[in-house]
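Reviewing the structure listed below.
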Amino acid sequence: MKHPSMFDAEAEAAAVAELESAAQIRSLVLNIPGAVYRRQYTEPWAIVFMSDHIEVLTGYPATDFTEDNRRSFESIICVQDRDHTSAVIREQLRREGSFSVEYRLSDSSGYYRWVAEHGRSVAGPDGRPVWIDGVIVDLSAHKEAEQLQGTVQVRHRLGHDSLTCLPDRTLIRDRLQQILLRSHRDHDLVAALLVDLDNFRSINERLGQQAGDELLKAVD
C-alpha cells in the first residue's frame with residue numbers, strides 16, 4: 001500500500017505535467033501566424049475557442065467571438081463572400097472532412113482584408129464529427145502583390161507586341177522622344193537603327209502566317 005505522501009507526489013507531478021503541456025500548446029498557438037480556432041461541427045458552427053491573433057486580423061478581441069456570441073464571425077465576412085464561403089466549407093467538410101477557402105473580412109475600421117481559412121473535422125469518442133479545428137491567415141500582402149503584378153503585366157501588354165514582346169510603335173516613338181530630349185539637353189549623339197525584312201509578305205503568302213510569325217520571333 002502506497003504511503004499518502006506518495007499519492008500527493010504523484011498528483012503533484014501529474015498536475016505539473018498537465019500545466020507544462022497546456023503551456024506548450026499555448027506557446028505553439030501563439031507562434032502560429034494566424035488565428036487558431038475550434039468550432040462546433042453543427043451549424044451555425046459556434047466558436048468555442050479563438051486565439052488572440054484574431055485581434056491582429058480584425059481589431060476585435062477573441063472574446064467577442066467566444067463569449068455569449070457577442071459578435072458572430074460570419075457578420076464580419078464580406079457580404080458578397082458569405083454564401084460562397086459557407087457553401088465551400090459545408091461541401092468540402094461533407095466530402096473530404098477538411099476545407100480551404102479564401103474570402104474577405106471587414107475589420108473594426110471597415111477595411112477589407114483577404115484571408116485564407118483552412119480547417120478539418122475532429123471526431124468524438126463515437127467516431128462522429130464534433131468539432132472543426134482551423135486557422136485563419138492573412139492574405140492581404142499576397143493579394144496586393146498579385147494585383148500589382150497583374151497591373152504591371154497589363155501595362156507591359158499595352159506597350160508591346162503580343163507576338164514578339166518587343167515594344168510597339170507607340171512605345172518606341174515615346175522612348176525616342178525622351179532620348180532625343182535628353183541628348184539635346186546633355187549634348188549627346190543619338191543613333192537609331194531600323195531593320196527591315198525583304199519580301200516578308202511573300203513568306204506569309206507562300207508558307208502561311210504561322211511561318212511568318214515564327215520568322216519574326218526568330219529575328220527579334
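The values are calculated or read from the model by the stated rules, or taken from the named source; none is laboratory data. Note that the structure is a prediction, hence the values are computed from the model and not measured. Every residue, glycine among them, receives a Cβ derived from its backbone with ideal geometry; neighbour counts consider all protein chains shown. Quick note on the areas: whole protein, heavy atoms, side chains included, nothing else; ligands and nucleic acids left out. Shrake-Rupley method; radii C 1.70, N 1.55, O 1.52, S 1.80 Å.
Annotation: amide H-H contacts under 5 Å for A62 (H modelled 1.01 Å from N, sequence separation of 5 or more, or interchain): E55.
For the pair S140 and Q80, what calculated FRET efficiency results from E = 1/(1 + (r/R0)^6), where r is the Cβ-Cβ distance and R0 = 22 Å, to the nearest 0.05? Between Q80 and S140 the formula returns 0.80.
Mind ranking 73-83, 46-56, 173-183 by how tightly packed they are, going by the mean number of other C-beta atoms within 10 angstrom, highest first?
Values: 73-83: 14.4, 46-56: 17.4, 173-183: 11.5.
Per-residue Cβ counts within 10 Å, averaged per peptide and sorted highest first, yield 46-56, 73-83, 173-183.
Modelled label positions at D133 and Q92, each set 7 Å beyond Cα in the direction of Cβ, lie 1.8 nm from each other. Accessible surface area normalised per residue over segment 46-98 is 56 Å², counting heavy atoms of protein chains with a 1.4 Å rolling probe. For D168, the amide hydrogen comes within under 5 Å of the amide hydrogens of H160, D161, counting only partners 5 or more places away or on other chains and with H modelled in the peptide plane.
Can you give the FRET efficiency for D52 and V122, using 1/(1 + (r/R0)^6), R0 = 22 Å, r = Cβ-Cβ distance, to the nearest 0.05?
Values: r = 21 Å, r/R0 = 0.97.
The computed FRET efficiency comes out at 0.55.
Placing dummy labels 7 Å off each Cα toward the beta-carbon, the span from Q177 to D198 is 3.5 nm.
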